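The values are calculated or read from the model by the stated rules, or taken from the named source; none is laboratory data. Note that the structure is a prediction, hence the values are computed from the model and not measured. Every residue, glycine among them, receives a Cβ derived from its backbone with ideal geometry; neighbour counts consider all protein chains shown.
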Amino acid sequence: MERQTAVRRNHNGDWLAACSAAVSLVAGIACAGPPAGDGSYTDLLAVFAELQQIKQPQATRGLPDFGPEAIGARRRQIADLQARMQHMGVARWSVSEQVDYLTVRAELDQQQFILDVTRPWARDPLFYIAGLLEIAFTELPVAGEDLAILQSQLRAIPDALAAARDNLADVAVDYADLAIRSLVMSDGVENGYPYRETPPAGVIGWYEDLLGRAGAQPGLRADIEPALDALRRFHAWLIDGRATMNGQNGVGKAALDWFVQYGLLLPYTSEQMVELTQREFDRLWGFYALERHRNRALPEIELSRSRDEYHERLGATDELVRTFLADEGFISIPDFVPTDWQEMGYNVPWIVRATPPNYWEQVQFRDPFPDHVHAVIPGHRFDALMAASNSHPIRGKVNFGARWQGWAVYLEEATLQAGALESRPRTRELIYLFGIWRAARTLGDIYNQWNEMTADETSEYWLSVTPLLDPDVARKYAYLRPAPGHGLEYTIGNFEMWRLLADRKRQLGDNFVLGEFHDEFMAKGRIPISLIRYEMTGFRDDVARFWDRPPLESVIGR
């Protein structure tokens with residue numbers, strides 16, 4: 001903690017000065033600076049392009065290959081790219097080029113972490129079956145190229161699941177239980193699934209649904225039936241071997257710290273994140289209590305009673321948000337962004353269930369505003385459109401989760417504090433409920449990765465501290481694949497956004513303009529916020545600690 005504080009005090013010094021301050025406090029820690037080799041920025045672009053190819057798994061007989069030889073080849077490829085990175089002349093590059101270098105290095109580090117630590121092909125049965133659902137969603141009949149693709153996908157399933165049984169040699173118990181359940185039970189959320197009055201029973205149920213719909217195209221039965229049989233046999237194999245599948249779900253504290261600091265470029269240890277998040281969790285509960293008191297004489301927001309009423313609320317919310325963004329100069333909206341809310345899309349469809357609405361529906365069916373600013377505009381869908389228009393060879397192609405989710409979570413309370421909800425006071429309560437859920441997820445996810453909570457215990461913890469949360473959503477979010485970090489990226493990325501906003505306001509004083517701040521932030525791409533902060537403010541404290549990166553092998557003992 002002392003070291004981090006010392007580094008951060010050197011906002012405007014160079015990385016060497018900041019590093020020296022840290023070393024003076026902690027004996028035995030050596031700080032490395034940027035590589036000072038001969039490699040050029042063009043060489044960096046070449047490494048990045050090769051990395052994009054390596055991310056696609058090798059194929060054997062048309063199937064992704066996760067066998068020992070293929071994984072060994074990928075390890076060698078990643079190690080080669082990492083070695084080439086060390087010979088680049090980064091110390092002489094501009095700030096933006098150094099930022100691009102750290103971005104690419106983090107992408108490489110993520111891949112190494114997946115290869116050496118999380119190893120989903122060996123530990124997670126759902127790694128093989130999660131992608132099969134979309135095949136079963138195919139609307140029949142199909143013809144031409146679509147038919148050929150569907151048949152190829154269906155015919156590959158038996159061999160893919162046979163290979164999975166060979167590869168799954170170190171299955172984590174939580175992942176085994178989730179896979180067994182997912183094969184034969186609905187997840188209860190069905191986000192993005194085709195609507196069925198009675199949801200099919202898991203992945204196997206969806207293939208039975210596909211087989212039933214093949215009456216419109218009987219020739220497909222010969223391809224669907226072997227795929228369905230392979231799924232049933234895979235489920236039976238999991239049941240039979242469940243007693244020996246006793247690996248731990250989490251990666252442990254040391255590995256998690258390495259991953260978040262160098263794979264995600266978040267400038268915190270996991271213990272620091274727990275401390276910060278607990279304070280945020282308490283703050284949000286306190287604000288929720290005050291907001292409930294403030295609104296105590298107002299009627300509660302009732303759930304939408306029909307699809308038409310829900311869509312009416314969506315349309316009114318979209319109009320409110322867009323008017324606010326324009327009138328308050330919150331952010332610029334380019335002409336290529338759709339103006340129709342239905343074209344822009346939304347996250348939560350109208351579904352009538354035998355059970356009460358799930359967590360997302362409980363919020364969205366009351367008022368779409370929290371998820372609209374988070375996931376539609378100026379959140380995820382807007383963010384994705386901006387990224388698609390970014391022609392930068394690196395920044396137009398990456399998407400770091402804490403930047404993606406941190407921006408979206410920041411928008412929830414930022415729009416509230418900027419005045420967007422003066423006419424909807426009860427909706428402010430929903431904003432705080434969203435924040436409580438994000439903070440609870442961060443705490444639970446970290447404890448889970450420390451192996452201090454199982455997935456079931458994490459789910460139960462979330463249910464005990466999060467209003468409106470249901471068991472289905474809690475269970476679905478209690479499992480992290482293929483690498484840790486997704487759950488914590490929401491709250492920690494949000495911290496990074498508020499820190500950047502505060503830094504920039506202090507730096508610019510009366511010259512600070514909120515809309516210009518948001519526009520500049522978006523233009524940097526979906527790279528880590530710590531690196532955006534370096535570019536926007538010139539503060540080098542975070543970057544100084546990122547250069548001092550121990551090898552992963554020293555952390556995991558290989």
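What to note about this one:
- Whenever a residue of the range 20-46 is at pLDDT 95 or above and surrounded by 14 or more Cβ atoms within 10 Å (Cβ to Cβ), its partners that are among the hydroxyl-bearing types (S, T, Y) and part of a helix (DSSP H, G or I), lying with C-beta atoms within less than 8 angstrom and at least six residues away or across chains, give the pairs P34/Y101; L44/Y101.
Conditions (1) over 27 Å from the mean Cα position of the chain (by Cα); (2) assigned by TED's automatic domain parsing to the domain that holds S152; (3) among the hydrophobic types (A, V, I, L, M, F, W, C), marked per residue:
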residue: Q53; (1), (2), (3): no, no, no
residue: P64; (1), (2), (3): no, no, no
residue: G67; (1), (2), (3): no, no, no
residue: R75; (1), (2), (3): no, no, no
residue: L81; (1), (2), (3): no, no, yes
residue: Q86; (1), (2), (3): yes, no, no
residue: G89; (1), (2), (3): yes, no, no
residue: S96; (1), (2), (3): no, no, no
residue: Y101; (1), (2), (3): no, no, no
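- Which listed residue, of A227, A326, A236, A222, is assigned by TED's automatic domain parsing to the domain that holds Q362 and farther than 30 Å from D548 by Cβ: A326
- Flag if D257 is assigned to a helix (DSSP H, G or I) and loosely packed, with under 15 Cβ neighbours inside 10 Å: no
Here's the yes/no breakdown for (1) in a loop (DSSP other than H, G, I, E, B); (2) charged (D, E, K, R):
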residue	(1), (2)
V473	no, no
A483	yes, no
E489	no, yes
W498	no, no
E516	no, yes
I532	no, no
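- Qualifying residue in the range 436-455 (condition: of a type in the set (F, W, Y), out of contact with any Ser or Thr (no Cβ under 9 Å at 6 or more places or on another chain), within 16 Å of Y490 (Cβ to Cβ) and in contact (Cβ under 8 Å) with a residue 24 or more places away in the chain): no
- Within the range 295-343, considering residues that are among the hydrophobic types (A, V, I, L, M, F, W, C) and over 24 Å from L433 (Cβ atoms), the one surrounded by the fewest Cβ atoms within 10 Å (Cβ to Cβ): F336
- E328 being closer than 25 Å to I431 by Cβ and free of Cβ contacts under 8 Å to residues at least 12 places away in the same chain: no
- Some residue of the range 306-322 being β-branched (V, I, T), at pLDDT 95 or above and not in a helix (DSSP H, G or I): no
- Answer residue from the range 534-558, given it is assigned to a loop (DSSP other than H, G, I, E, B) and in contact (Cβ under 8 Å) with a residue 60 or more places away in the chain and is farthest from Q507 (Cα to Cα) among those: R558
- Any hit, the range 483-500, residues being in contact (Cβ under 8 Å) with a residue 40 or more places away in the chain, touching a Lys or Arg at 6+ places or on another chain (Cβ under 6 Å) and more than 18 Å from A414 (Cβ to Cβ): yes
- For the range 353-367, the condition holds for at least one residue, the condition being that it is touching a Ser or Thr at 6+ places or on another chain (Cβ under 6 Å) and either assigned by TED's automatic domain parsing to the domain that holds A420 or assigned to a loop (DSSP other than H, G, I, E, B) (or both).
- Any hit, the range 279-298, residues being part of a loop (DSSP other than H, G, I, E, B), over 30 Å from F127 (Cβ atoms), in contact (Cβ under 8 Å) with a residue 60 or more places away in the chain and assigned by TED's automatic domain parsing to the domain that holds A440: yes
- Filter result for A73 (modelled with pLDDT under 95, crowded, with 17+ Cβ neighbours inside 10 Å and either assigned to a helix (DSSP H, G or I) or out of contact with any Phe, Trp or Tyr (no Cβ under 8 Å at 6 or more places or on another chain) (or both)): no
- Residue under evaluation L265, criteria (1) within 30 Å of L102 (Cβ to Cβ); (2) out of contact with any Phe, Trp or Tyr (no Cβ under 7 Å at 6 or more places or on another chain), criterion not met: (2)
Each row is one residue, and each column tells you yes or no for (1) within 29 Å of L488 (Cα to Cα); (2) surrounded by fewer than 21 Cβ atoms within 10 Å (Cβ to Cβ); (3) at pLDDT 95 or above; (4) over 25 Å from the mean Cα position of the chain (by Cα).
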| site | (1), (2), (3), (4) |
| --- | --- |
| D159 | no, yes, no, yes |
| V173 | yes, yes, no, no |
| L183 | yes, no, yes, no |
| G188 | yes, yes, no, no |
| G202 | yes, no, no, no |
| P218 | no, yes, no, yes |
| Y262 | yes, no, yes, no |
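- Verdict on G192 being farther than 19 Å from A172 by Cβ, without any contact (Cβ under 8 Å) to a residue 40 or more places away in the chain and in a loop (DSSP other than H, G, I, E, B): yes
- Whenever a residue of the range 114-139 is of a type in the set (D, E), its partners that are assigned to a helix (DSSP H, G or I), lying with C-beta atoms within less than 6 angstrom and at least six residues away or across chains, give the pairs D124/Y175.
- Number of the condition not met by S391 [criteria: (1) in a helix (DSSP H, G or I); (2) free of Cβ contacts under 8 Å to residues at least 12 places away in the same chain]: (1)
- Residue count, the range 153-189 (criterion: part of a helix (DSSP H, G or I) and either within 30 Å of T355 (Cα to Cα) or among the aliphatic types (A, V, I, L, M) (or both)): 20
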